[in-house]
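Colleague: I'd like to ask you about the structure that follows.
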Amino acid sequence: MSEYKKFCYWVDSRGLKKVKEVINTRGKQLDDESRIPCRVLRSSREFAYISPEAWEGFCKRRTSWYQRSNKSGRFLLVSNTPLDDSNIGEPIIIKESNFKPNSLPSHEETLQLANSKEYQLVKPEAWGKVDPFDKEFYRRWFERYRPKELFNFDRIFVHHSANHANFIDPKFLVNREGIKAPYSIADSLYVCSSCIEFFNILGEEWPIKYVVPCIGAVQFAHLPMDQYFEVRFQK
């Protein structure tokens, strides 16, 4: 992962067409991801884009934040190299980091984040409608890596919610270059839909964020468990 870096751009259909033409002149192809958004984060995918319908795919409940955001209806281009020649604005830059938080919230602080007014106002209705398939997905992963711990989905879901809340109205931040940067408040087994933070659906107002890949990103994007990635965006 020492060279891992991704450049991400939100565009409309006109911007997408422009980039396709630029990439075609390079003799390359722009892959379409229409089912699992985080798969564009695979290092092996040189150029790819996420279609709006991808957010209604395999992770529909988990990625329902997209539909409530200012990104709804837009395409996301993800590249291993900058697309400066396409004139489509500044990228979100995702790269590996050696960041480790000095503190994570206690159980009481986690509950406070998940119950915060700011979070409750923003969360999508679909987010809380967890079906048995979702719970089984997390149970399998949890029992694989924490066989001696009791699986408790309700406790895990509180962490899922609190983690998103810490990018909506952060309580846990670190100072980087004089800038306050929020970070994921749990490890990969307790984080859900990290693509929401990776792609600035939540937390766009923070120039720097530190994001841990969720279990889905570990499985589908092949990102390392519990590794913090730095996410930068300059408007």
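Read the figures in this text as sums done on the coordinates, not as results from a lab. Quick caveat: nothing in here was measured; it's all calculated off a predicted structure. Virtual Cβ from ideal backbone geometry, glycine too; neighbours counted across all protein chains shown.
Colleague: Considering only region 114-141, state which residues are within 20 Å of the chain's Cα centre (by Cα) and more than 17 Å from Trp65 (Cα to Cα).
Modeller: Result: Lys135, Phe137, Tyr138, Trp141.
Colleague: Only one of Glu177, Glu230 is in contact with a Lys or Arg (Cβ under 7 Å, 6 or more places away or on another chain) and charged (D, E, K, R); which?
Modeller: After ruling out the rest, the residue left standing is Glu230.
Colleague: Then there's this: Among the strands (runs of 3 or more DSSP E) lying completely within region 135-228, list those that include at least 1 residues that are of a type outside the set (D, E, K, R) and touching a helix residue (DSSP H, G or I) at 6+ places or on another chain (Cβ under 8 Å).
Modeller: 179-182, 208-211
Colleague: Separate question: Give the residue that is farthest from Tyr66 (Cα to Cα), with candidates limited to residues of region 188-208 that are touching a Leu at 6+ places or on another chain (Cβ under 9 Å) and not hydroxyl-bearing (Ser, Thr, Tyr).
Modeller: Filtering first and then ranking leaves Trp206.
Colleague: If you don't mind, there's one more thing I want to ask. Looking at Lys5, Lys17, can you tell me which residue is farther than 20 Å from Ser193 by Cβ and under 15 Å from the mean Cα position of the chain (by Cα)?
Modeller: Going through Lys5, Lys17 in turn, the sole match is Lys5.
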